[in-house]
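Participant: Structure provided below as structure tokens; questions to follow.
The values are calculated or read from the model by the stated rules, or taken from the named source; none is laboratory data. All values derive from a computational prediction rather than experimental measurement. Methodologically, a virtual Cβ is constructed for each residue, glycine included, from the backbone with ideal geometry; neighbour enumeration extends over all protein chains shown. Protein only, heavy atoms only, side chains kept; ligands, DNA and RNA dropped before computing areas. Shrake-Rupley method; radii C 1.70, N 1.55, O 1.52, S 1.80 Å.
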Amino acid sequence: MWLICGECVHHLKVGLGDVVEMILIDEGQRYDANHPFHLHGYSFRVIGMDRLNKSTSKEEVMELDRQDRLPRNLNKTAVAKDSVTVPDGGYVIIRFHANNPGFWMLHCHISFHNQIGMGLIVQVGEIHQMPKKPKNFPRCGMWKFSGYDDETNNKPQCTSGSQNITTGNMLSVVALLVTLLGKKLL
């Protein structure tokens with residue numbers, strides 16, 4: 001479990017060089033609305049997508065996958081993207097080569113959904129495999145607002161956006177089944 005500013009954060013740790021496949025599911029139980037998902041730091045291949053019905057469940061999609069009934073396009077014609085819409089009552093299968101070490105956010109682009117937990121941090125590689133930070137790189141709390149540059153520019157300039165992350169138990173997973181709206185969120 002991770003804590004950022006005292007809040008629990010979903011976390012997936014994968015090895016540097018792994019091929020990661022994720023099945024994103026929208027159970028479609030409340031609204032006829034899709035979910036635009038975005039992965040920072042990568043482009044991924046959309047190797048499968050379908051709307052099964054007006055609603056579905058994680059269990060149904062997992063059973064279809066066990067029966068090899070979720071088709072996958074594994075040739076070079078699979079579309080490369082960094083965002084994809086998960087259809088209401090359906091799923092999307094994405095796959096990427098984890099060759100960019102770091103901490104990357106995967107989240108729904110509907111702000112409210114992201115705020116209620118429809119996102120996760122994908123950690124690619126171990127800390128010692130991450131690039132070293134530049135000398136004098138801003139840290140949390142370093143920036144202090146000291147007024148505006150001039151009368152025409154009334155926007156504060158923030159150069160620090162990093163968070164202090166505390167890590168706990170982390171699982172190394174190559175495949176992940178993410179269930180959207182699995183809980184009653186609204």
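Participant: Report every pair of residues separated by at least 6 positions or lying on different chains whose Cβ atoms are under 7 Å apart, first residue within segment 78-90 and farther than 14 Å from Ile47 by Cβ, second surrounded by fewer than 17 Cβ atoms within 10 Å (Cβ to Cβ) and modelled with pLDDT of 90 or more.
Facilitator: The qualifying pairs are Asp82/His38; Asp82/Ser43; Ser83/His38.
Participant: Give the number of residues within segment 14-54 that are basic (Lys, Arg) and modelled with pLDDT under 85.
Facilitator: Residues in segment 14-54 being basic (Lys, Arg) and modelled with pLDDT under 85: 2 in total.
Participant: Still on this structure: Having 2 or more residues that are open to solvent by less than 70 Å² (accessible area, probe 1.4 Å) is the bar; report the strands (runs of 3 or more DSSP E) wholly within segment 59-158 that clear it.
Facilitator: Of the strands (runs of 3 or more DSSP E) lying wholly inside segment 59-158, those with at least 2 residues that are open to solvent by less than 70 Å² (accessible area, probe 1.4 Å) span 83-86, 90-97, 102-108, 119-124.
Participant: I'd like the residue in segment 23-49 that is touching a Lys or Arg at 6+ places or on another chain (Cβ under 8 Å) and part of a strand (DSSP E or B) and, out of all such residues, is most open to solvent (accessible area, probe 1.4 Å).
Facilitator: Initial filter on segment 23-49 (touching a Lys or Arg at 6+ places or on another chain (Cβ under 8 Å)): 25, 27-28, 32, 43-48.
Adding the requirement that they be part of a strand (DSSP E or B) leaves 25, 44-48.
Values: Ile25: 0, Phe44: 4, Arg45: 106, Val46: 25, Ile47: 11, Gly48: 8 Å².
Per the stated criteria, the residue is Arg45.
Participant: Six or more apart or on different chains, Cβ under 7 Å: which pairs go from a residue in segment 106-118 that's modelled with pLDDT of 75 or more to one that's open to solvent by less than 60 Å² (accessible area, probe 1.4 Å) and in a helix (DSSP H, G or I)? Could you list them?
Facilitator: His107/Asn114; Cys108/Asn114
Participant: Surrounded by 15 or more Cβ atoms within 10 Å (Cβ to Cβ), in a strand (DSSP E or B) and modelled with pLDDT under 50, is that true of Leu176?
Facilitator: It is true that Leu176 is surrounded by 15 or more Cβ atoms within 10 Å (Cβ to Cβ), in a strand (DSSP E or B) and modelled with pLDDT under 50.
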